[in-house]
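Below: the structure, in C-alpha cells.
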Amino acid sequence: MATTSTRKLPNIIITGTPGVGKTSHCEALAERSGLKHMSVNQVVKDKQCHEGWDEEYQSWVVDEDKLLDAIEDEAKQGGCIIDWHACDLFPQSWIDLVVVLRADSTTLYDRLKARNYPEVKLQENLDSEIMEVLLQEARDSYDEEIVIELQSNDTDEMESNVDRIMGWLEQWKKDNE
Ligand code: DAT
C-alpha cells in the first residue's frame, strides 16, 4: 500500500529504453522544479552497487539490493527524480509518478548509433522499445493511475512533457499540503 505521509515532495521515476531522453528530461525537470536528479547509473558507479562490468553489453551488472540500500534514505525524504531504464525494483511505496518516455525506432536508432553502442546492445534496445517492454514493466509494477507514457522524439515534445510534469508536481504539492 503506497503512502506519501513521510514525504513533503514526491518521487518521480523517469524511465524508458536507453536513448529515449531520460537524462535530458531529468536535467530540465530538476532545473525547473528544484527536485534532485538521481542518476541511478551514477549511484551504481559511485557507490559500487554492482557485481562487475559486462564486456559484451558495456555496462555494469547492477546489484539491486545494494542499490536500494544506497538510495533508501534519500528516496524516503522525497523530492527525487529517479533516472533509470528499469522501474520494477523500486518499492511502490516510494513512488508517486512513473513517466515512461517513448521514441520512434528511427529516432532511437540514430541516438544509439551516435553513442557507438555494440550491435547486440543496439538491437536489443530497439526491440525492447518496439515491444514496449519498459511501459509494460511500469504498468505491471505500479497502480495504473500513476503511470504515464510520453513521446520524446523532438525538443517540442520534451518541452511539453516537462510542462506537463511541472503541472502534475504543483498539483501534488497542493494535494499534500
Ligand atoms: P537516456 O537518458 O534515456 O539514455 P538521453 O537524455 O541521454 O537519453 O538522450 C539521448 C540523446 O538523444 C541525447 O543526445 C539527447 C537526445 N534527445 C533525447 N530526447 C530528446 C528529445 N525529446 N528531443 C531532442 N533530443 C533528444
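Any read-out appearing in this document is the output of simple, stated calculations on the displayed coordinates, not a laboratory observation. Note that the coordinates shown come from a computational prediction; the quantities given were computed from them, not determined experimentally. Cβ placement follows ideal geometry from the backbone for every residue including glycine, while neighbour counts extend to all protein chains displayed.
List of remarks:
- Summed over all non-identical Cα pairs, the Kirkwood treatment of segment 49-96 gives a radius of 12.0 Å.
- By DSSP, the beta bridges lying fully in the chain are antiparallel in about 15 percent of cases.
- Segment 53-144 - convex hull of alpha carbons, volume per residue in Å³: 114 Å³
- Per-q log10 I(q)/I(0), the chain, q = 0.11, 0.14, 0.15 Å⁻¹ (Debye; single scatterer per alpha-carbon; no solvent): -0.46, -0.75, -0.87
- Share of pairwise Cα-Cα distances greater than 20 Å in segment 108-177 is 51 percent (whole percent).
- Ranked by how many other beta carbons lie within 10 Å on average, peptides 8-16, 124-132 from highest: 8-16, 124-132
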